[in-house]
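Input: a single structure, listed below in structure tokens.
The values are calculated or read from the model by the stated rules, or taken from the named source; none is laboratory data. Everything quoted here is computed from the prediction, not taken from an experiment. Here Cβ is always computed from backbone atoms with ideal geometry, including for glycine, and neighbour counts include all displayed protein chains. The accessibility values were calculated without ligands, DNA or RNA, using every heavy atom of the protein model including side chains. Shrake-Rupley method; radii C 1.70, N 1.55, O 1.52, S 1.80 Å.
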Amino acid sequence: MSPTRIFNIAKNTITLTLLCGLMSVACFGQDQLGAITRKLPGERMRNSSGLFDPESNADAFRIEPGETVVLAELDGPGEIRHIWFTLSSRDYFRYPRTLVLRVYWDDSPIPSVETPVGDFFAAGHGMKANVSSLPIEATSYGRALNSYWKMPFRKKAKLTMTNEAKQGNATCYFYIDWQKLDKLPPDSLYFHARYHQEWPVKPFTPYTVLAVEGDGQYVGTVMSLHSSMGSWFGESDDRFTVDGEEEPRLVGTGFEDYFTDAWNLRHFSNMNAGVTIREPHGEDARHTCYRWHIQDPITFKKSLKVEIERRSFVSVKDPETGEIVRRDFVYRPDFCSSVAFWYQRAVATPTEPFPTLEERLVPEIWIVPRTMAEPEVEKGKSPLKASPGLKPESRRNKMGWTNFARRILYMHNDQVGSFLEIPFTVREEGRYSISVFQILFREYGIWKLTLIGPDTEDILAERLDFWNPYMTKREYTPENGVYGTNHEAKVGIRDLKPGKYVLKFECVGTNPLSYDETTGKNGYSIGIDGISLRKLPWGNMHAWLKDYVAKEERLQKQRAATAARTVAKLDEAVGNFKADCGRYPKSLDELIERPVELNMSWERNLGKWPYFKAKRIPTDPWGQHYRYLVPGRHNLDHCDIWSVRGNSRQTEGWIGNWDTP
């Protein structure tokens, strides 16, 4: 074949491949658009938090701490097609994890949907994020939440919301849009979405996203990870074990690969996958990713287990020498949490209890400086301290999200050197991650932040810029120009003792683009929504690594010894089989069944059966099948039996029935 002919074939193949890809996207959209050219069966219905009260603007449900409110009870048959929420809470900032959504189908006492609201809408850690995907959309800084998952039910659907916060009521605005039907297709499956987490971690095990029995198909994962150390966490493979198979049927190549990214993770939100929360590598880095399997569901008939390997790199600092100690591909002790999405023929029974609020959120100290300023405190009684002539004040601002008060601490300033001191108390010793929820605005300045307390005076940030770089960001318009932008600035992790502390802000400059209309000059002012100190759940990671290495060495020795004993037993069993039957077994599984040759003559009726006393050939300690080859490459006149020791590509580590040179 001529080079020109080969080139033309290659060119046409590439063109056809690209065309098919474009057509698949177009066809998917065309299917959706085409469906609405034909009238849907049934009647369009809606349950919402609003009532037809022309003289009232009270459109929300109030949910007190500890209270569960029924949002809707729907009589079927029917199908929920859209849910919209916008929520707020007087409980500081973490209502996406304190509010729990539950959905029950057909009078079942077991909720098929049981998850914190934020995690259901693809934002973990009690945080908020914008999302733009096929079944989930979130806008308004992650405060307008939309689900387009289709949720069929036969007799009844019940949706509830629980406020598990210890203080502060929650406000819930909602739409539940659904279609009332005469009947459902007989093969309709129940929608499920369940939250799971693991902390403390189970040593030397993968993280389990879902373990379920039944008949259905898996359609999505929301995965959140809270890093316990600063190294890359993402070498973890995804694994899907279908219908009780001994080895997973589907195996991936890495954390970011499963979520359709490559070579690290970065923010994006696409139709089928995205990364909604992504902080730079470091201790306390928080991440949330989603992956929908709407176009590639994982079907199962009996059971399904979904796992993330949770193995990657670690690096920790030796507190005595300051040296960074590194290890490759170990089980990391990161705080993992997830929501699994799937459809199933019957309501699935949970395998573990739903985690409590104390388990879902790390302890947190909240400092709300506006509550220390006038007019929220009496004149002359503010605990805040500021430079002479400056007046910290509580001011109305819609970016004031803490306690949903819509107020912030504001202090007008027009010069370098001014200061503001905010006092607070630490009651429990621990390792704390400190964040300032800045209000970024066009006329604000640059401030140094110092932590002052028992035996410490520690600079947390040399130059914390309060000018707003998001003024032109489309999704923040027009609020960013009127109220500013609420931005979390993580300023450090510190080990703190109980006692009284002060956070001291000192003005050290201004952004060249900052402009104060009242002075006609650069701006130097400051605005703060709140300050958070999250108590991290892990301890001394250097001590953890030393303990881990010792335990791993013991575990690997135990596994190797177990594998060697099993290989020896299998080798003996194969020898006995050959002596009785005059041939080698076709596979190791043939050692379990009584061979027909034993019944062919009276002398050979008993033989050396049973050859291997077990109901099945076990997997090795790494969860893989023992390998078998006749004739062997090592034992040319016999067979090879071996364990690949968790690594089929590294032959020198294999444990076999041959002498290793």
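Extension gain for the segment W263 to Y175, taken as residue separation times 0.36 nm less the Cα-Cα distance, is 27.7 nm to one decimal. Ranking L390, T37, V251 by Cα position along the charge dipole of the chain, where only Lys, Arg, Asp and Glu carry charges on their C-beta atoms, puts T37 farthest toward the positive end.
Rounded to the nearest Hz, the phi-derived 3J(HN,Hα) couplings of the stretch 208-223 under the Karplus curve 6.51 cos²θ - 1.76 cosθ + 1.60 (θ = phi - 60°) are 9, 7, 7, 9, 9, 10, x, 10, x, 8, 8, 10, x, 9, 10, 10, where x marks glycine and proline. The GluC sites (Glu not before Pro) of the stretch 333-384 that meet both conditions, a loop assignment by DSSP and at most 14 other Cβ atoms within 10 Å of the site Cβ, are E378. Helix 541-581 and the longest principal axis of the C-alpha atoms of the chain enclose an angle of approximately 20°. Its alpha carbons considered, the chain gives a radius of gyration followed by a Dmax of 30.6, 110 Å.
Would you mind telling me the share, in percent, of accessible area of the stretch 570-661 contributed by carbon and sulfur at probe 1.4 angstrom? Carbon and sulfur atoms account for 49 percent of the accessible area of the stretch 570-661. The K615 and W544 beta-carbon pair, evaluated with R₀ = 45 Å, returns a calculated FRET efficiency of approximately 0.70. Modelled spin labels at L636 and E352, positioned 7 Å past Cα toward Cβ, are 5.3 nm from each other. When only DSSP loop residues count, what trypsin sites (Lys or Arg not before Pro) in the stretch 234-286 have their Cβ near at most 13 other Cβ atoms within 10 Å? Those satisfying the criteria are R249, R266. The trypsin sites (Lys or Arg not before Pro) of the stretch 141-196 that DSSP puts in a loop, and whose beta carbon has at most 16 other beta carbons within 10 Å, are R143, K150, R154, K155, K166, K183.
Considering only alpha-carbon pairs that sit under 8 angstrom and 6 or more positions apart, the relative contact order computed for the chain is 11 percent. Couplings 3J(HN,Hα) of the stretch 181-197, computed from phi: 10, 6, 7, 9, x, x, 9, 5, 10, 7, 6, 10, 8, 10, 8, 9, 8 Hz, in residue order, whole Hz [Karplus 6.51 cos²θ - 1.76 cosθ + 1.60, θ = phi - 60°; x for Gly and Pro]. Relative to the globular-protein estimate of 2.2 N^0.38 Å, the Cα radius of gyration of the stretch 221-300 stands at 1.17.
Round to a whole number: what % of the accessible area of the stretch 30-158 belongs to carbon and sulfur, probe 1.4 Å? Of all accessible area on the stretch 30-158, carbon and sulfur atoms account for 50 percent.
Rolling a 1.4 angstrom probe over the protein heavy atoms with all chains in place gives the chain an accessible area of 50 Å² per residue. Between R327 and R90, full extension at 0.36 nm per residue minus the direct alpha carbon distance yields a gain of 80.9 nm.
For the stretch 278-349, relative contact order (Cα pairs under 8 Å, six or more residues apart, normalised by length) works out to 18 percent. Rounded to a whole number, what is D in µm²/s for the stretch 430-548 from Stokes-Einstein with the Kirkwood radius over alpha-carbon pairs (4 °C, 1.567 mPa s)? My calculation gives 81 µm²/s for D. Size descriptors for the stretch 445-493: radius of gyration and Dmax over Cα atoms are 14.6, 46 Å. When chymotrypsin sites (Phe, Trp or Tyr not before Pro) are flagged only if DSSP places them in a loop and at most 12 other Cβ atoms lie within 10 Å, the longest unflagged stretch of the chain comes out as 264-601. Taking the Cα atoms of the stretch 50-154, the ratio Rg/Rh between the radius of gyration and the Kirkwood radius comes to 0.97. P(r) tail for the stretch 303-388: Cα pairs beyond 17 Å make up 75% of the total. Under 5 Å from the amide H of G632 lie the amide H atoms of H638, C639, D640, each residue being 5 or more positions distant or on a separate chain, with H modelled from the backbone and absent for Pro and chain starts.
The value of relative contact order for the stretch 503-661, using C-alpha pairs under 8 Å at least six residues apart, is 15 percent. Within the stretch 314-355, what whole-number % of the accessible surface is contributed by carbon and sulfur, with the 1.4 Å probe and all protein chains included in the calculation? Using a 1.4 Å probe with all protein chains present, the stretch 314-355 comes out at 49 percent carbon and sulfur.
Basic side chains Lys and Arg get +1 at the Cβ, acidic Asp and Glu get -1 at the Cβ, and with that the dipole of the chain about its Cα centre reaches some 540 debye. With θ taken as phi - 60° and the Karplus curve 6.51 cos²θ - 1.76 cosθ + 1.60 applied, the whole-hertz 3J(HN,Hα) list for the stretch 138-155 is 9, 10, 6, 6, x, 9, 9, 10, 10, 10, 10, 4, 8, 10, x, 8, 9, 10 Hz, x standing for glycine and proline.
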